[in-house]
1. Which distance in nm do the two modelled labels at residue 27 and residue 49 give, with both placed 7 Å along the Cα-to-Cβ direction?
2. Arranged from highest to lowest average of other beta-carbon atoms within 10 Å per residue, in what order do the peptides 24-34, 67-77 appear?
3. Quick one: if you stick a label point 7 Å off each Cα along the C-beta vector at residue 35 and residue 58, how many nm between them?
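Bear in mind that the values in this text are calculations on the coordinates, not laboratory data. As the structure is a computational prediction, the values presented were derived from the model and not from experiment. Quick reminder, even Gly has a Cβ in these numbers, built from the backbone with ideal geometry, and neighbours come from all protein chains shown.
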């Protein structure tokens, strides 16, 4: 293989490896951002359910919920919407 051709192959390999490394970095970043968003969503659900548990029957009625509806929502695990 001529020297110019081997240099071109080497350059292609380096560019491909750099592209793969950047692509992997972007994928990892997206996953990390997605995981952070998921944890925030779970935290918000948990907080909302704790607030719902502290509401009086009158307050539940004001927002259109029965005590049973509140009970069902409060007892869901944080990962269930």
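1. Simple spin-label model gives 3.3 nm for this pair.
2. Numbers: 24-34: 10.0, 67-77: 12.5.
Most protected by this proxy first, the peptides run 67-77, 24-34.
3. If labels sit at residue 35 and residue 58, their model points lie 4.7 nm apart.
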